[in-house]
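First up is the structure itself, then whatever we jot down about it.
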Amino acid sequence: MTPSRASPPFILTLLVLSYLIGDNPLYRIAVYLFIGAAAGFVALTVAEWLWNFWLRATAFNLEGPPAQRILSVVPLVLGLLLLLKFSPSTARLGNLAMAYLIGVGTAVALNGIILGTLLPQVRAAGSVPGIGSDVGGWVNGLVMAIGAISTLLYFMFVARRAPSGQIVRPLPLRLVAAVGQGFIVVTLASLYAGAIVASLSIFAGRFATFVAFVTDLVAR
Amino acid sequence: MGLEDQPEAEAPDWFHEVDLSGGTDLLGDTGSLADKLLGEAPAAPAEEPVPEWFADVEMPAGGPAGTDQDDSELAWLSGLGAPEEASEEAPSPEGEAEPALDWLADAGAPDFGAPVDEAEAAPEAEVGELEPDWMADLGAPVDEAEAAPEAEAGELEPDWMADFGVPAGEAEAAPEAEAGELEPDWMADFGVPAGEAEAAPEVEAGEAEPDWMAALGGLDEAEAAPEAAAPEAETLDWMAELGALDEALPEVPAALEADDEAPALDWMAEFGAPVAAGEVGPPVDEAETPEPGWMADFDLPAADAAPLPEPALEEDMPGWLAEMRPAGLDDVEAVEAVEETGEEEALAPGEVPGWLEAARPSEHFERWGASAPEEAEVPEWAEPLSPLAGGLAAADDIAREESAGPLVGLKGTLLAEPMMSVPGAPELVTARVVTEEDQRQANLLAAITRDLLEGLEEEEEAGAEARPAPARRRVRIPFGRIAISLLLVVALAVPFFVAIDLDAPAGLAAPAQEVVNQIDAVPAGSPVLLAFEYGAAEAVELEPAARAVVARLADRGARIVLLTTNPVGALVGNRLVADVTQGGGEVVNLGYLAGYLGGLRSLVARDENPQAAAPLRFGFDYRGEASGLDVNTLRESFRLIVVLPGQLDALRAWVEQVDSVTGREGLPGQPVPMVAVVGAGSEPVAAAYYESGQLEGYVTGYKDAYVYATEQNAGDTLFVNPEARRVAVTLGAVAAAGVIAVGSVGYALRGLLGRRRRRRR
């Protein structure tokens, strides 16, 4: 990497690291630049996609079937209705497009969650290690079963009102929920640790680039 | 046992001596009473034979001449003593009954059934144990007084008592008092309201028997005895006897029947305290006469004392009754003479009870136990609030002194509604009418508001002047944050300058090895879908692994197809692939896929349903040019799907929407394996999908990338300074863990110390 190409990332990295002393204009410059560039790139990408992959392929594809061209008008109209939500007086007209988006999005998401995550995970959690599996497999299956059951029971908020007026959960449920809470803590801790390691990896990569830039600059 | 059951010989002798031929007033009175009783109690058959003892009585042919029941004709009965021999001859089964009808000589109760009832009550009584003093004064037999506690008044009380006009509520108003329980309701009619019955609650019946009841003496005991001892049926029987007698008698005038209740009370009142106490009492008149002494003993409110009707004159006393009048009633006559002449002032005034004296309204504040407040100075701010300031009230109104009510003695009190409210339908308001008073009030409110606002403004200005200038903002240097950052920076930077030998991982982890295996299983020229779902922020972490995967795919001769739902991902992927392949290999960048979940689902629509339209997205690359891909379905066209998510959501979206179809068994085509290149933050989720079999494998960040690059001897070509970077990440992780551990211990110690400090407090 030549110094001319490495200079902008190096300078921007320093600007971002200036946040160590607090919020300052240098840090804001880097952040604004990043957000602005990303937003501009997204807008350009979407606009390019809309023209290249939608209008040219459907509405303006004179060689395509007429039905496809007619149907391509429907999402176009819905998109125009969404634009009407800019004005409060015409915002209600955009509700039709919003209803379509929310309805379809919810249906797709629910279908994916049930078929793609919930059922497979339940099936995996319920699979008992076979007789031929080793002790580790049995322990792993046992831990998975206990963790799944106790974690689910932790979110079962069934309680009764004590004579003192307090709402307390039954003792067995409290014990199981405490185990589930422990599993939740371990899970969140692992996620947090993974985020830290990811940040460290990013920083190490940036620092490696910085060292390489400086070394190359000095060598020259 | 009723009178009708008694043989003639058992009839009281004194009754035989009574000559009833003079008239029927007394009988008529009794008969009316019996009529009422019979109206509630089981009616005695009219055909019942008249007892023999009653047959001796000569009944007059006509009714009484007078229609009003004369109290005077009963008043003399206060001196009509029942013959003692009558009680002495009364049967006494157990022989304990005292021949104690002496009191009748004082009270003179014309009680026909008393001797019999007393005789029946006697067995139940224990003589002399509970004899109250007042009874001793009256000479009343003790057994009757004792019979009362043993009896349940509510159960045994005959209905005829109700004829004395005693409200049931008054009798029930003293539930805790045994005296109240045992005391018949009719007693309450003699001037004891419910509140007074409560005033003497927990006293035994015999002890609590008030003096005024002693005044009622003979009648009370004569009638209480049958209540106490005699069964109800028997009590009613002898009353029915009277009822039968009444029916046998000439018809009672209607007017007399209508007024039958009052005479009954009157003659009882006549039996009242003065006679029993051996005094001649004045006519009972609360409004004009002082409270008698016997009532003062009960602390009765004057207003509660039931006014007893004034005894009627003796003029209407029939002759036959006059003949029955015994001698020795001069005192009564003297009293009546006083009443008739209106010489009430000659009577000695009674003493007002102490409690009544305390309730007397005083002129000023002494009644509240405090002296009259001195006139205070009105502060200036309150002066505008004065009614005088706004002209709302005249000085005379302010100086007016309250003369009645609880505010008596106070000046300047607000008057009641100055205008009487006239009931009726409200008139329709057609215009706003502002009276002078309204205008004065509005002016006053405006003046007060103006003054208050001006005062607030002045205070605010004064406060602003006195307030010190705000201190310069102190810049707090986050020493803790800087220290932790410096520690991490040092841990991460040192490996780049100092060679630190740390053992590298022995080999690829199982999930990463599965990724290698899946890549190696891809036939040359087969399309492999790479989903670059990360942006510039995650690129530093994921790029080493992405580079390794792309490089291996390029080495295997796979046809790389780039697709992303992240607009930035298209740019990042295009740059990375171009950098790794150096322009070689077959790469198709489809670019951005709109719709996120919906867009991903549209990719596999035809995989689920062959009738669905083929995915249009594969026809053009990111520049809009023909891609040259002939993709009917994913299961038929691709051999591997590699997802490179920067966030958890992207990985989940691809697994849920795409892999749930492409990896499912039973659909047309062959299942397409899916692997992932994830960061350290997404590794737990990727591990879950790997354990469930939804992901065939995954590569985690720099760790697996370094191992892979080392095994392939391609570390230096893929990354910059890979060994130092690996050690830096390792040391940084150790430093971060140390900071977290130290922070946790410090936080725990601070919590323990704080708790101990709170306990000491």
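Some notes on this structure:
- In segment A:179-220, residue farthest from the other protein chains (Cβ to nearest Cβ) [restricted to those that are small (G, A, S) and buried (at least 20 other Cβ atoms within 10 Å of the Cβ)]: A:G180
- From A:A148, A:A91, A:A107, A:A159, residue being crowded, with 16+ Cβ neighbours inside 10 Å and out of contact with any His (no Cβ under 8 Å at 6 or more places or on another chain): A:A148
- Residue match in segment B:664-678 (condition: assigned to a helix (DSSP H, G or I) and not aromatic (F, W, Y)): no
- Subset tally (residues that are more than 8 Å from chain A (Cβ to nearest Cβ) and either in contact with a Lys or Arg (Cβ under 6 Å, 6 or more places away or on another chain) or on the phi > 0 side of the Ramachandran plot (or both)) for segment B:698-728: 3
- Scanning segment B:712-736 for residues that are open to solvent by 50 Å² or more (accessible area, probe 1.4 Å) and out of contact with any helix residue (DSSP H, G or I) (no Cβ under 6 Å at 6 or more places or on another chain) yields B:Q712, B:N713, B:D716, B:T717, B:E723, B:T730, B:V734.
Yes/no matrix, rows are residues, columns are (1) more than 14 Å from chain A (Cβ to nearest Cβ); (2) free of Cβ contacts under 8 Å to residues at least 24 places away in the same chain; (3) out of contact with any Leu (no Cβ under 7 Å at 6 or more places or on another chain):
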{"residue": "B:R440", "(1), (2), (3)": "yes, no, no"}
{"residue": "B:A466", "(1), (2), (3)": "yes, yes, yes"}
{"residue": "B:V475", "(1), (2), (3)": "no, yes, yes"}
{"residue": "B:G480", "(1), (2), (3)": "no, yes, yes"}
{"residue": "B:S485", "(1), (2), (3)": "no, yes, no"}
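- For segment B:589-602, the count of residues that are hydrophobic (A, V, I, L, M, F, W, C), touching a Phe, Trp or Tyr at 6+ places or on another chain (Cβ under 8 Å), modelled with pLDDT of 90 or more and closer than 20 Å to B:V699 by Cβ is zero.
- Screening B:L603, B:L597, B:L576, B:L593 for residues that are surrounded by 16 or more Cβ atoms within 10 Å (Cβ to Cβ) and within 18 Å of B:S526 (Cβ to Cβ) leaves exactly one candidate, B:L603.
- A:A162 being among the small types (G, A, S) and within 10 Å of chain B (Cβ to nearest Cβ): no
- For segment A:70-88, the candidate set comprises residues that are closer than 18 Å to B:R617 by Cα and within 13 Å of chain B (Cβ to nearest Cβ); within that set, the residue that is surrounded by the most Cβ atoms within 10 Å (Cβ to Cβ) is A:S72.
- Lone unmet requirement of (1) without any contact (Cβ under 8 Å) to a residue 60 or more places away in the chain; (2) out of contact with any Gly (no Cβ under 6 Å at 6 or more places or on another chain); (3) more than 9 Å from chain A (Cβ to nearest Cβ) for B:R635: (2)
- Whichever residue in segment B:585-612 is in contact with a helix residue (DSSP H, G or I) (Cβ under 7 Å, 6 or more places away or on another chain) and over 24 Å from B:R652 (Cα atoms) and, among such residues, is nearest to the other protein chains (Cβ to nearest Cβ): B:A612
- Residue that is nearest to the other protein chains (Cβ to nearest Cβ) [pool: residues in segment B:638-661 that are assigned to a helix (DSSP H, G or I), open to solvent by 40 Å² or more (accessible area, probe 1.4 Å) and charged (D, E, K, R)]: B:R652
- Conditions (1) over 29 Å from B:E541 (Cβ atoms); (2) open to solvent by less than 20 Å² (accessible area, probe 1.4 Å); (3) within 9 Å of chain A (Cβ to nearest Cβ): number failed by B:R664: (2)
- Residue within segment B:690-711 that is among the β-branched types (V, I, T) and in a loop (DSSP other than H, G, I, E, B) present: no
- Residue within segment B:586-601 that is farther than 30 Å from A:I114 by Cα and small (G, A, S) present: no
- The listed residues are A:A97, A:A109, A:A178, and the only one of them that is in contact with a Leu (Cβ under 8 Å, 6 or more places away or on another chain) and more than 30 Å from B:R664 (Cα to Cα) turns out to be A:A97.
- Checking each residue in segment A:165-178 for being β-branched (V, I, T) and either within 10 Å of chain B (Cβ to nearest Cβ) or in contact (Cβ under 8 Å) with a residue 24 or more places away in the chain (or both) picks out only A:V176.
- Residue that is farthest from the other protein chains (Cβ to nearest Cβ), among those in segment B:550-561 that are surrounded by fewer than 23 Cβ atoms within 10 Å (Cβ to Cβ) and of a type in the set (A, V, I, L, M): B:A554
- Residue in segment B:675-693 that is among the acidic types (D, E), over 23 Å from B:Y596 (Cα atoms) and either in contact with a helix residue (DSSP H, G or I) (Cβ under 9 Å, 6 or more places away or on another chain) or within 10 Å of chain A (Cβ to nearest Cβ) (or both) present: yes
- Identity of the residue in segment A:18-49, at the interface with another protein chain (Cβ under 8 Å from one of its Cβ atoms) and open to solvent by 60 Å² or more (accessible area, probe 1.4 Å), that ends up farthest from A:G79 (Cα to Cα): A:I21
- Qualifying positions in segment A:183-192 - free of Cβ contacts under 8 Å to residues at least 24 places away in the same chain and not hydroxyl-bearing (S, T, Y): A:V185, A:V186, A:L188, A:A189, A:L191
- Qualifying residue in segment A:115-130 (condition: more than 14 Å from every other protein chain (Cβ to nearest Cβ), part of a helix (DSSP H, G or I) and of a type in the set (D, E, K, R)): no
Each row is one residue, and each column tells you yes or no for (1) of a type in the set (K, R); (2) part of a strand (DSSP E or B); (3) free of Cβ contacts under 8 Å to residues at least 60 places away in the same chain.
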site	(1), (2), (3)
B:E543	no, no, yes
B:V561	no, yes, no
B:L571	no, no, yes
B:A578	no, no, yes
B:G583	no, no, yes
B:D607	no, no, no
B:Q611	no, no, yes
B:R617	yes, no, yes
B:R623	yes, no, yes
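The values are calculated or read from the model by the stated rules, or taken from the named source; none is laboratory data. This one's a predicted model, so the numbers in the text were calculated from it and none came from an experiment. Cβ: placed from backbone, ideal geometry, glycine included. Neighbour counts: every protein chain shown. Accessible surface is based on the protein model in full, side chains and every heavy atom, while ligands, DNA and RNA are left aside. Shrake-Rupley method; radii C 1.70, N 1.55, O 1.52, S 1.80 Å.
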